[in-house]
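Reading through the structure tokens given below for one structure.
The values are calculated or read from the model by the stated rules, or taken from the named source; none is laboratory data. In this text, all values refer to a predicted model and were calculated from it rather than measured experimentally. Note: ideal-geometry Cβ built from the backbone for every residue, glycine included; neighbour counts use all protein chains shown. These area figures cover heavy atoms from the full protein model, side chains too; ligands, DNA and RNA do not enter into them. Shrake-Rupley method; radii C 1.70, N 1.55, O 1.52, S 1.80 Å.
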Amino acid sequence: VCILTGGGLKDPSPILKIAIKPPTIYPDVAEFKSLFESSFFEGKSVAFTDKEEIIISTSPSKEKVASLVRRFFGTAYSDRYVENIREVVDKILKKGKPVTFADFQDIVQEVLETVQRATPNFLTVLDFRVETAKDHQATAWVKVKIDGVEQEASAHGVGPVDAVTKALKNASSGELDFALSGYRVDIRSEGTDALVYVEIKLIKDKTVSIGKGTSPDIIQASIEAFVGGYNGFRQKKLETAK
């Protein structure tokens, strides 16, 4: 078989702009089985649709979400997946952003990757505020609930993400003392209100946990990724203890 250079086969990035990417999973049979049983490999993963077309502008029902999944991707996900998709859509609408096809594609992608690794909410961020200005440090305030106890804290940082991460650590009195070994931002659509996909890698005591978040607000996406990484770490500690 000869592959001509420039044919696109060696570079998956163009096709991934119109496709549902295969989820990244841990090397575990149970995770693959979860995808298989949720019908992920059925239907189509590529939809040739105007990516900037607005498809959701008001809070949708589960039936509406399921209908859109069938229309664009030719498959039917379980109620659990559909409800998680609907919740993420609602979260984005609350930010004042209508959901385009490109947004919906990213939302489905996020849910497929995260719902199979659902973890208890040891940490929940109840609210946050961030202030920043030219040539000044950013300031962040957070209100969190850790193991059922509410805490508040603030911190300064070189930028909004740094400040809010430090505030989260301060709110936990050291409980969230992780090394941030990776921070990746990906934007698949266009515009200043595009969805931002953030992946954060946390390390503590040689244990690695990866959290992910999606939002039109890069700060909120970063917070969600941090929370996901922390909750994943706690879940791993519980599993190890067993």
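Cα extents for region 132-188 along the principal axes, largest to smallest and rounded to whole angstrom: 34, 27, 21. As a rough guide to protection, the peptides 126-133, 96-103 ranked by mean Cβ packing within 10 Å, highest first, stand as 96-103, 126-133. The H on the amide N of residue 189, modeled in the peptide plane, is under 5 Å from the matching H of 195, each at least 5 residues off or on a different chain. Amide H to amide H, with H built 1.01 Å from N, residue 55 comes under 5 Å of 99, 100, 101, counting only residues 5 or more places away or on other chains. Per-atom-type breakdown for region 46-89 gives carbon and sulfur 48% of the accessible area (1.4 Å probe, protein chains only). In this structure region 86-242 gives 48 Å² per residue of accessible area when probed at 1.4 Å with all protein chains present. Annotation: amide H of residue 182 within the under-5 Å range of 201, sequence separation 5 or more or interchain, hydrogens built in the peptide plane.
With bins 10 Å wide starting at 0, give me the P(r) of region 105-225 over every alpha carbon pair, in whole percents. All Cα pairs considered, the percentages come to 13, 41, 37, 9, 0. Given 95/237; 33/236; 201/236; 62/236; 94/169, which pairs have Cα atoms separated by over 23 Å? As for pairs spanning more than 23 Å Cα to Cα, those are 95/237; 62/236; 94/169.
With all protein chains in place and a 1.4 Å probe, the accessible surface of region 175-242 carries 51 percent carbon and sulfur.
In the frame of its principal axes, region 157-232 has Cα extents of 39, 23, 18 Å, reported largest first.
Relative protection proxy for 204-212, 69-77, from highest mean packing down: 69-77, 204-212 (other beta-carbon atoms within 10 angstrom).
Residue by residue, region 191-204 carries 3J(HN,Hα) couplings of x, 6, 9, 5, 5, 10, 10, 10, 10, 10, 10, 10, 10, 8 Hz when phi is fed to the Karplus relation 6.51 cos²θ - 1.76 cosθ + 1.60 (θ = phi - 60°); x denotes Gly or Pro.
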